[in-house]
1. Please work out how much length the chain gains when fully extended from I4 to E48, using 0.36 nm per residue of separation minus the C-alpha to C-alpha distance, in nm with one decimal.
2. Search the structure for amide H atoms under 5 Å from the amide H of F35, placed 1.01 Å from N in the peptide plane, and list their residues when 5 or more places away or on another chain.
Amino acid sequence: MKKIQLLFASLLLFTSVSCGIYSFSGADTGAAETFQVNYFQNAAAIVEPGIDRTFTLQLQDLIQSQTNLNLT
């Protein structure tokens, strides 16, 4: 029973620590000053109107808020 508890505790610790290793906000943008997000086109069989535009705009907002790059 103790081995199972130890395994569970170590697994829980590993999964909670591993999430903090990778991050977009600490990325090096090099000499880049601008970025561009091309329009995403929804090619699904059942299309929800406006979801492609919403996704594109939210991605642009996310990049602008997490970097110092300007949108072109």
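1. Gain on extension, I4 to E48, equals 11.2 nm.
2. Long-range HN contacts for F35: N70, L71, T72.
None of the figures in this text is laboratory data; all of them are computed from the coordinates on show. Because the structure is a prediction, the values reported are computed rather than measured.
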